[in-house]
Amino acid sequence: MDYLKLKEEFKTPFYLYDFDLIKSRFLELKDVFKARKSQIFYAMKANSNLSLLQMLVRLDSGFDCVSIGEVRRALRVGAKPYKIIFSGVGKSEDELEQALKFDILYINLESEEEMLLLESVAKKLKLKARISIRVNPNVDAKTHPYISTGLNENKFGVEIDLARKMYLYAAKSAFLEPVGVHFHIGSQLLDVAPIHEAAFIVAKLLRELKALKIELKFFDVGGGLGISYEGEKEPCLYDYAQGILASLTGLDVTIGLEPGRFLVAKSGTLVCSVLYEKNTLKKRFMVVDAAMNDLIRPSLYNAYHEIVLPYAKGEPSLCDVVGGICESGDFFAKGRKLPKSERGDIVLIKEAGAYGFTMSSNYNTRPRICELAIENSVVKMVRKREKFEDLIALEEECLD
């Protein structure tokens, strides 16, 4: 890749996504479940760029959405409503109403209160709401506490006993139709054993419901498959699939999968440039033109991203890679051994395709950067760089 040419044409910083890699990972995951009915519902929160979503629609992907805005993004690029599910712990009444009007596949419920609210909305609209219930199997995902979701102490899902009660209520309701069960125990999982453990627990509930004449059609195992950021061993997809399939012996259901990070993280690179090198009595700083508002994962989780200077020839030494935001937490790496750089040198921050741009902000009135994609060896812009005027437009309308 000629990053210097890209910098000349588009300026830095920018995100660059490899769409061909996303396609290959999508097809690889789909293939290991080919023995059973399955549907991939891409977790849009990882990266919701419209061009990326459009490419996934062409691969027959479904979409896992956690806001009505994400639902509308999926519909905008041609996703079929029956391939869209709506998840999330804090759906508003207005969002539930819109989701029902869009006639999406089903709504994942996160509490008894949400179920009752949805029932009242469906009654008002004279519609029947297809539902799934997110079950919390109380399984330790052994991941970062900020992205663990399957323990009783987490805000997500309901306990097995409450889920059973909710299914019984929904089955008797004139305005609710239970069609699925869902669990998701956490993100960035490198060990698939906790997913298998959760699958067996939730499959047991499925069998109990079947005995009560409540026949569900979808068994949604969530997402959470991890990737290698720092040389970790990635999960074996075959083993991942076999454990889930084993939990469903004798059950005729469609397996739902919600990959996000697994599909897009390794495809993305944050490409930026060195502004200066700064040396104090104790530290060397490499100051770049991207910042925590562009990629917040290192600041938020102390997450590791590989950093490469493809053209720098200076002697390597320890440094902190930082941005220009007025916060001490604005860094991409601390104590990283990198070559001595010069002003303008290209810096590549790798594995940034997931939770990069989607978590970006305009903090310090910094315009969000542009996004590029490479597909079949052709680079194209998939989101323009913001301008100052874009940032203030909604405020200017309110000025006296």
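Here are some notes:
- Trypsin sites (Lys or Arg not before Pro) restricted to the stretch 342-386 and DSSP loop, no more than 16 other C-beta within 10 Å: 343, 350, 384, 385
- Extension reserve of the residue 328-residue 276 stretch, reckoned as 0.36 nm per residue once the Cα distance is removed: 17.0 nm
- Between residue 177 and 129, 130, 131, the built amide H atoms are under 5 Å apart, and every one of these is 5 or more places off in sequence or on another chain.
- Between amide H atoms placed 1.01 Å from N, distances below 5 Å from residue 382 occur with 371, 372, 373, all of them 5 or more places distant or on a separate chain.
- From the largest down, the chain spans 70, 57, 41 angstrom on the principal axes of its Cα atoms.
- Taken over the stretch 331-400, the convex hull of the Cα atoms encloses 167 Å³ per residue.
- On the chain, 52 percent of the accessible area sits on carbon and sulfur atoms, based on a 1.4 Å probe.
- Cα principal axis extents for the stretch 34-147, largest first, Å: 37, 37, 30
- Ranking by accessible area, most exposed first, for 67, 87 with a 1.4 Å probe: 67, 87
- Under conditions of 25 °C and 0.890 mPa s, the stretch 230-383 yields 139 µm² s⁻¹ as its translational diffusion coefficient, taking Rh as the Kirkwood radius over Cα pairs in the Stokes-Einstein equation.
- Segment residue 318..residue 337, full-extension length gain: 6.4 nm, with 0.36 nm per residue of separation and the alpha-carbon distance subtracted.
- Accessible area (Å², per residue) of the chain, counting only protein heavy atoms and a probe of 1.4 Å: 46
- Two-decimal log10 I(q)/I(0) for the stretch 287-378, as the Debye equation yields it once each C-alpha is a single scatterer, q = 0.15, 0.19 Å⁻¹: -0.61, -0.95
- Cross-link table 11/334; 23/380; 34/172, entries beyond 24 Å C-alpha to C-alpha: 11/334; 34/172
- Cα-based Kirkwood hydrodynamic radius, the stretch 163-291, one decimal, Å: 17.9
- The stretch 268-373 - percent relative contact order, Cα under 8 Å, separation 6 or more: 37
- ³J(HN,Hα) computed for each position of the stretch 328-340 - Karplus, 6.51 cos²θ - 1.76 cosθ + 1.60, integer Hz, glycine/proline x: 5, x, 7, 8, 10, 7, 10, x, 9, 7, 9, x, 4
- Fraction of beta bridges assigned by DSSP in the chain that are antiparallel (%, nearest 5): 45
- Per-residue packing, averaged as other Cβ atoms within 10 Å, sorts the ranges 282-289, 294-301, 231-238, 56-63 into the order 294-301, 56-63, 282-289, 231-238, beginning with the highest.
The values are calculated or read from the model by the stated rules, or taken from the named source; none is laboratory data. The structure presented is a predicted model; accordingly, all values stated were derived computationally and were not measured. Using ideal geometry, Cβ is built from the backbone for each residue, glycine included, and neighbour counts are taken over all protein chains shown. All accessible areas refer to the heavy atoms of the entire protein, side chains included, with ligands and DNA or RNA removed. Shrake-Rupley method; radii C 1.70, N 1.55, O 1.52, S 1.80 Å.
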